[in-house]
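Comments concern the structure below.
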Amino acid sequence: MGQRANLITIENGEYTLCYDHWCANRLDNILFWGVGHALDYFDAQDKVGEEGWLDDVWAEGGAVIDLDKKHLLWWGGEDVLYSLPIRRVLLKLQQKVWNNWTIEWAYRGIVDLAEYVGYPKEKVLTSRENLNEAIELKNAEENFDWIETIGSIKTIEGEVKLFGLYANSENYLHNGINLVDQCKAEKGLETINWSDWKKDDEFPQGGFWIDEKNKRLEFWEVRDCPNVVQDLKSIWGDWEILWHQDNYEFQ
């Protein structure tokens, strides 16, 4: 068990890598109160060499504090990791505290941190053989308690269908082009009014849009996606793959 994170500072063009076994789900608190508070915490952690880099399986959060460029790159926390509305509010407030700094969310998790400091991303990516399990698409009932993904398709005939789905969006996307046939076979919905469907303030964690005619797959995802576009291209053939990070508005 643990909440593993890499914590990195950059000063005078050199980066220092630290490892913390317990802080990933608390990074929103650690990093909220400005650079001074964050550096005090970073400095108290174990400094490690290249062997201390986490990979995309074990990294549950992390941050780069670039003192040269006044740039903070991070991901982690608990609620903010999965709740997009909470994350957006927190980042706006955090920007007020980190005055004159650029704050950026690491949508690819540990890959973004590695590439920022010039460390090869291949060294933080695990084998791509064991990717997300493909789950067959099946629309949820109208009265549901938990929905994670909103799926949508425009078929080659021009029909638009919507789906409320229980699993992570990548689980469906890893069906490859078979997902198109699954969407066309499922009844689907014409509209989804989220405020009518949900009794609490839960919000979808991902979604996808399939344009069958133009062979275009677009999607968004709240969770970090270390190598998602490259992974999907290997199973979607000649389709165009567009990842909108957490910008659900496109859908």
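The values are calculated or read from the model by the stated rules, or taken from the named source; none is laboratory data. Not measured: the values here are computed from a predicted model. Virtual Cβ from ideal backbone geometry, glycine too; neighbours counted across all protein chains shown. Remember, those area values only see protein heavy atoms, side chains included, never the ligands or the DNA or RNA. Shrake-Rupley method; radii C 1.70, N 1.55, O 1.52, S 1.80 Å.
Would you check if Y15 is touching a residue at least 40 places away in the same chain (Cβ under 8 Å), under 26 Å from T126 (Cα atoms), open to solvent by 50 Å² or more (accessible area, probe 1.4 Å) and not hydrophobic (A, V, I, L, M, F, W, C)?
yes
Just one of (1) more than 20 Å from the chain's Cα centre (by Cα); (2) hydrophobic (A, V, I, L, M, F, W, C); (3) surrounded by 12 or more Cβ atoms within 10 Å (Cβ to Cβ) trips up L93, so point out which.
Among (1) more than 20 Å from the chain's Cα centre (by Cα); (2) hydrophobic (A, V, I, L, M, F, W, C); (3) surrounded by 12 or more Cβ atoms within 10 Å (Cβ to Cβ), the lone unmet condition for L93 is (3).
Is it true that Y116 is part of a helix (DSSP H, G or I) and of a type in the set (F, W, Y)?
yes
Do you know which of the residues in segment 60-78 that are open to solvent by 10 Å² or more (accessible area, probe 1.4 Å) and outside any strand (DSSP E or B) is nearest to Q94 (Cα to Cα)?
So, considering only residues that are open to solvent by 10 Å² or more (accessible area, probe 1.4 Å) and outside any strand (DSSP E or B), the one nearest to Q94 (Cα to Cα) is K70.
For segment 31-44, check the following and say yes or no: at least one residue is part of a helix (DSSP H, G or I) and touching an Asp or Glu at 6+ places or on another chain (Cβ under 7 Å).
No, the conditions are met nowhere in segment 31-44.
Of K213, K161, which residue is within 20 Å of K138 (Cβ to Cβ) and of a type in the set (K, R)?
K161
Here is a check on your reading of the model: is R87 in contact (Cβ under 8 Å) with a residue 24 or more places away in the chain, part of a loop (DSSP other than H, G, I, E, B) and among the basic types (K, R)?
The answer is no for R87.
Looking at (1) assigned to a loop (DSSP other than H, G, I, E, B); (2) touching a helix residue (DSSP H, G or I) at 6+ places or on another chain (Cβ under 6 Å); (3) free of Cβ contacts under 8 Å to residues at least 12 places away in the same chain, which is the one condition that is false for I135?
Single failed check for I135: (3).
Inspect all residues belonging to segment 35-51 and state whether any of them is in contact (Cβ under 8 Å) with a residue 60 or more places away in the chain and surrounded by 21 or more Cβ atoms within 10 Å (Cβ to Cβ).
no
So, D55, is that one charged (D, E, K, R), part of a loop (DSSP other than H, G, I, E, B), under 20 Å from the mean Cα position of the chain (by Cα) and surrounded by 14 or more Cβ atoms within 10 Å (Cβ to Cβ) or not?
yes
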